[in-house]
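Engineer: After the structure tokens below, expect a handful of questions from me.
All of the numbers you see were taken from the coordinates with simple rules; none came from a lab. Note that this is a predicted model, so its numbers are computed, not measured. Here the Cβ positions follow ideal geometry from the backbone for every residue, glycine too, while neighbour counts run over all protein chains shown.
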Protein chains: 2
Amino acid sequence: MVKVGLIGIGFMGRGHLDNYIRLEAEGFPVKLVAICDIDKDKFENKFLPGNINVGNKKYDFSKYNLYTDIDEMLENEDLDYVDITLPTYLHAEAAIKALNKGMHVLCEKPMALTVDECKAMIEAAEKNNRKLMIAQCLRFWPEYEYLKECVETNRFGKVLAGYFFRGGGTPKWSYQNWLLQKDKSGGAILDQHIHDVDMINWLFGTPKAVSTIAKNVIPGSGYDIVSTRYIYEDGKVITAEDDWVLNGEYGFSMLYRVNFEKGNVVYEKGTLKVNPNDGKSFTPDLPKENGYYREIKYFINALINDTPIDVASPYSTMETIRIAQAEIESADNGGKFVEL
Amino acid sequence: MVKVGLIGIGFMGRGHLDNYIRLEAEGFPVKLVAICDIDKDKFENKFLPGNINVGNKKYDFSKYNLYTDIDEMLENEDLDYVDITLPTYLHAEAAIKALNKGMHVLCEKPMALTVDECKAMIEAAEKNNRKLMIAQCLRFWPEYEYLKECVETNRFGKVLAGYFFRGGGTPKWSYQNWLLQKDKSGGAILDQHIHDVDMINWLFGTPKAVSTIAKNVIPGSGYDIVSTRYIYEDGKVITAEDDWVLNGEYGFSMLYRVNFEKGNVVYEKGTLKVNPNDGKSFTPDLPKENGYYREIKYFINALINDTPIDVASPYSTMETIRIAQAEIESADNGGKFVEL
């Protein structure tokens, strides 16, 4: 039985909590033992916004050992790994502490705010011979896995072009509004757009250069709208955009349109459509589970079987941060091409 | 009664022909008198591809004076205007001939392949005191008119960002394949992407600079995939992309997503959705007619009432060509920012 401590039960933390509850119910060999959150009101099911109850969902927190202090939890609990769903600026410190205590670490995206922090996390993992994985959920998302497979197998030949977009309303639910503070979240580039940066890195590797135009809208939040072009030697035309000030009833979009030599693959509004140049369109039969559930299961299986974290190695997710930082540098300089 | 000669009945020309038939049936004071096409098989309803009959639609060409030579038509016919739906590289010459004969000119987009050709067209119009309009149909497309109105009236405040896309299968139906010859059509940038270039020019004016990444796929066709970023002083993030090698059953997309300070407007899959930041989404009640029908009607009304061609002045559509040429220069230089 793999014993887990969950650190942080904000919006993403509760998503992980739901998956642990589900995995335990399904008989998967994992047990959530302890939960830590600085805001003890959460243990009374009082969640943001406004620290009032939202919806009908209530958790039975009496089943877990509860902490408001990370050090205390790491000291008292005998855990196989911790799952870190803290605000980004706290990732590195918490991960390194846990690794130094001999625990494995699953940590929410983005890995950290800087490449130096990422390096320190990897060093701690290697020094302690522990596994470290960043929960870049799109790498476990069936429709993106399908795209990866198309790229890897050349099923439709080489990639000619790709457009990736994520966008929706401003996230206003975070603890002390950390998501909208550039120094805590890195803004939309590091928090939301990072999914597509990571996907492009995973699919195509590090680009030769990036050029980013971005715009700040919310005071203090960094960039809220971003458009990046990724330059590759073979001339494929790759763009990713993000906008987290699409408010009102816009909803949320995550989409891609990738054109290959012999077909194109379009994912939008939750539907994947594959259009071979010389045949009928089809929607592939894919796993029904989402990336959050599947990434946690993948990590636990890697611990149980002691297999490497190939799908989202810490080096690869660190490279994603390096690319995102180059995007910010480019945006700070009016779209200048920044080499990588 | 406004008398018209239609020059060219390829794909777009037949679209115009349909509208003249409709306008006459509706009692609009226009009469299509003469049609000219170099390929006389078309007058027997033999259309490309392959010069065989396509579909069930047959025109009664016996109602029109038919020509295979433009000069002959211009010499013999007493026309108020000619409607030019020729391949792009023939626009300037035909337009100037007609203007010099004292006829007004409605000409398909793009205006011409070069700014010099556009200038010559405008000079001929001014010298002869005739009207010249380029059929940039999106300026007459209800969903784009709505967007223009939002920009002009600041209904939702200032524009923060915009994404414009057009794309679909490769146009393989053109006479002697002129559309896929760079020197005749200007490739996807001048033929298809030009719609969004023109829209961005119309909405926001000339950008300070453009940066374009583009890719050739079909030998000899110029650029088939294009991604352009338009730089404005106020920092709005504007991107337009086009791809005419989205084959198979991809279909055809034309879409925009424009985010304003107080709301966003999204047009995709034929549906316009307006999302005010502080209210319910809605789909505005717009004219049901498409831009092709409406632009022809607009032009004829301008002739009848002798009113200026404000919506698509030849200077404005020439500026669109200048911007598109800057995009090609940028693409030729790996995305270099080209100032305008």
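Engineer: For the pair B:Asn45 and A:Glu261, how long in nm is the line joining their label points, each one 7 Å along Cα→Cβ?
Structural biologist: 4.3
Engineer: Okay, moving on. With the label 7 angstrom out along Cα to Cβ, how close does A:Arg22 come to the same site in each of the other copies, in nm, nearest first?
Structural biologist: 4.9
Engineer: Now for a separate question. Over the alpha-carbon set of the stretch B:185-306, work out the extent along each principal axis and list the three values in angstrom, largest first.
Structural biologist: The Cα atoms of the stretch B:185-306 stretch 46, 42, 36 Å along the principal axes, largest first.
Engineer: Same structure, new question: What does a probe at B:Glu72 reach in the stretch B:1-24, counting residues whose amide N is under 20 Å from the point 7 Å along Cα→Cβ?
Structural biologist: Residues B:4-10 qualify, since their backbone N sits under 20 Å from the label point.
Engineer: So which of B:Lys148/B:Lys262; B:Lys215/B:Lys336; A:Lys336/B:Lys148; A:Lys46/B:Lys280; A:Lys158/B:Lys215; A:Lys57/B:Lys280 end up more than 22 Å apart by C-alpha?
Structural biologist: Where the Cα-Cα span goes over 22 Å, the pairs concerned are A:Lys336/B:Lys148; A:Lys46/B:Lys280; A:Lys57/B:Lys280.
Engineer: Please report, to two decimal places, log10 I(q)/I(0) for the stretch A:1-45 at q = 0.19, 0.22, 0.32 Å⁻¹ as given by the Debye formula with identical point scatterers on the Cα atoms and no solvent.
Structural biologist: Log-scaled intensity ratios, in q order: -0.57, -0.73, -1.18.
Engineer: Among A:Pro287, A:Leu255, B:Ile7, whose Cα projects farthest towards the positive end of the dipole of the protein assembly as shown, with charges put on the beta-carbon of Lys, Arg (+1) and Asp, Glu (-1)?
Structural biologist: Result: A:Pro287, furthest along the dipole toward the positive end.
Engineer: Take the eigenvalues of the Cα gyration tensor for chain A, scale each by 5, and report the square roots as semi-axes in whole Å, largest first.
Structural biologist: With the √(5λ) rule applied to chain A, the semi-axes are 32, 23, 21 Å.
Engineer: Which residue, B:Thr170, B:Thr153, B:Thr239, tops the fluctuation ranking in a GNM of chain B built on C-alpha contacts under 10 Å?
Structural biologist: B:Thr153
Engineer: The stretch B:92-108 to the stretch A:158-198: how many Å between their Cα centroids?
Structural biologist: Cα centroid of the stretch B:92-108 versus Cα centroid of the stretch A:158-198: 52 Å apart.
Engineer: Report, in degrees rounded to the nearest 10, the 0 to 90 angle that the Cα long axis of helix A:11-25 makes with the longest principal axis of chain A.
Structural biologist: 70
Engineer: Output needed for the stretch A:20-138: three equivalent-ellipsoid semi-axes, defined as square roots of 5 times the C-alpha gyration tensor eigenvalues, in descending order, whole Å.
Structural biologist: So the equivalent ellipsoid measures 25, 17, 14 Å along its semi-axes.
Engineer: Based solely on its DSSP helices, what 222 nm [θ] is calculated for the protein assembly as shown when runs of n ≥ 4 H residues each add -39,500 (n - 2.57) and the sum is averaged over all residues, nearest 500 deg cm²/dmol?
Structural biologist: -9500 deg cm²/dmol
Engineer: Please state the equivalent ellipsoid semi-axes for the stretch B:124-172: what are the square roots of 5 times the Cα gyration tensor eigenvalues, largest first, in whole Å?
Structural biologist: Result for the stretch B:124-172: semi-axes of 28, 22, 9 Å.
Engineer: Apply 1/(1 + (r/R0)^6) to the Cβ-Cβ distance of B:Lys101 and B:Lys172, taking R0 = 41 Å, and write down the FRET efficiency to the nearest 0.05.
Structural biologist: The formula returns an efficiency of 0.75 here.
Engineer: Any idea how far apart A:Lys58 and B:Ala25 come out in nm if each label point goes 7 Å out from Cα toward Cβ?
Structural biologist: About 6.7 nm, to one decimal.
Engineer: Here's a follow-up. To the nearest 10 degrees, how steep is helix A:91-100 against the longest Cα principal axis of chain A, on a 0 to 90 scale?
Structural biologist: 60
Engineer: Between A:Ser281 and A:Lys119, what FRET efficiency follows from the Cβ-Cβ distance if R0 is 41 Å, with the result rounded to 0.05?
Structural biologist: It comes out at approximately 0.35.
Engineer: Starting from the Cα of B:Thr271, move 7 Å in the Cα-to-Cβ direction to define the label point; list residues of the stretch B:133-162 whose amide nitrogen is under 19 Å from there.
Structural biologist: Backbone N within reach: B:142-144, B:146-147.
Engineer: Taking the Kirkwood radius as the inverse of the mean 1/r across Cα pairs, report the Rg/Rh of the protein assembly as shown.
Structural biologist: Radius of gyration over Kirkwood radius for the protein assembly as shown works out to 1.06.
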